[in-house]
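The values are calculated or read from the model by the stated rules, or taken from the named source; none is laboratory data. Quantities reported herein were computed from a predicted structural model and do not represent experimental measurements. Glycine also receives a Cβ, built like all others from the backbone with ideal geometry; neighbour counts cover every protein chain displayed.
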Amino acid sequence: MIELEIKYREDEEIIRYADNFLQKYHQDKSIPTPIEEIIDFRFDIDIIPLPGIQKLCDVEGFITPDFKAIYIDEGVYQDRPYRFRFTLAHEIGHLFMHKKELSQIKLDPTDVINSWAMFLSELNNRDHSKMEYQGYTFGGLILAPQNHLLEQFNLHFQMVLPLVEEAKDKGISRQNYLKYAVDQMATILSRVFDVSTDVLTRRITNDKLEQQFP
């Protein structure tokens, strides 16, 4: 069993990491966040697509413990652009939050994918869970930053109100129609931020923006 002793981090701490990342590496604050270009040109990290990563490791990609490369499942790289972008954002979060812990891991340079799969199989479940939650939260924050998410939510708010009004007219409770409103907003904003509706649903919920729906 591998134990890395990953610390618990409050969401506020992860938000600070994401804000620092954006302030340092994406000063013009445009959306969608050009995560691939930032990693390529500002970090000089190679992005390497390879077949079989998802099947063998049950992940879409991973950053190497020397932080010189991010390996991406070839199918994700070629056919799932939203997931590709999010995987990059997620993995760069490990560089910012877990560099000390991950640098302890040694991979076989001649068989990186199998080495990573072996590492994951031996990693303490608590450490894995904490790492993944923190990476997921960080990735969502840099691809859908708080200020931009609020701005775009308000900008597109009127597009979702007809769904809300229809539900209210039919006597549907707010508890039941709210998830439909959030899903519709996430679908609209996915094209703005170039991320999946799942990521945006979580971001909307985490920022409590659903409270704006009547």
So, Gln175, is that one surrounded by fewer than 17 Cβ atoms within 10 Å (Cβ to Cβ) and of a type outside the set (Phe, Trp, Tyr) or not? yes
Among the residues of the stretch 88-108, is any without any contact (Cβ under 8 Å) to a residue 60 or more places away in the chain and more than 26 Å from Asp127 (Cβ to Cβ)? no
Look at the stretch 160-214 and say how many of its residues are part of a loop (DSSP other than H, G, I, E, B) and on the phi < 0 side of the Ramachandran plot. 8
A careful count of residues in the stretch 68-90 that are over 18 Å from Pro51 (Cβ atoms), among the charged types (D, E, K, R) and part of a helix (DSSP H, G or I) gives 1
Quick check on the stretch 143-165. Is at least one of its residues of a type in the set (Gly, Ala, Ser) and touching a Lys or Arg at 6+ places or on another chain (Cβ under 7 Å)? yes
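Residues checked against (1) closer than 20 Å to Tyr82 by Cβ; (2) β-branched (Val, Ile, Thr):
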{"residue": "Pro145", "(1), (2)": "yes, no"}
{"residue": "Val164", "(1), (2)": "no, yes"}
{"residue": "Asp183", "(1), (2)": "yes, no"}
{"residue": "Leu189", "(1), (2)": "yes, no"}
{"residue": "Val195", "(1), (2)": "yes, yes"}
Counting only residues in the stretch 26-42 that are out of contact with any Pro (no Cβ under 9 Å at 6 or more places or on another chain) and under 16 Å from Asn147 (Cβ atoms), the one surrounded by the most Cβ atoms within 10 Å (Cβ to Cβ) is identified as Pro32
Count - residues of the stretch 101-136 that are basic (Lys, Arg) and over 15 Å from Thr64 (Cβ atoms): 2
Among (1) touching an Asp or Glu at 6+ places or on another chain (Cβ under 8 Å); (2) free of Cβ contacts under 8 Å to residues at least 40 places away in the same chain - the single one Gln146 does not satisfy: (2)
Within the bounds of the stretch 52-72, is there any residue that is modelled with pLDDT of 95 or more, of a type in the set (Ser, Thr, Tyr) and closer than 15 Å to Phe138 by Cα? no
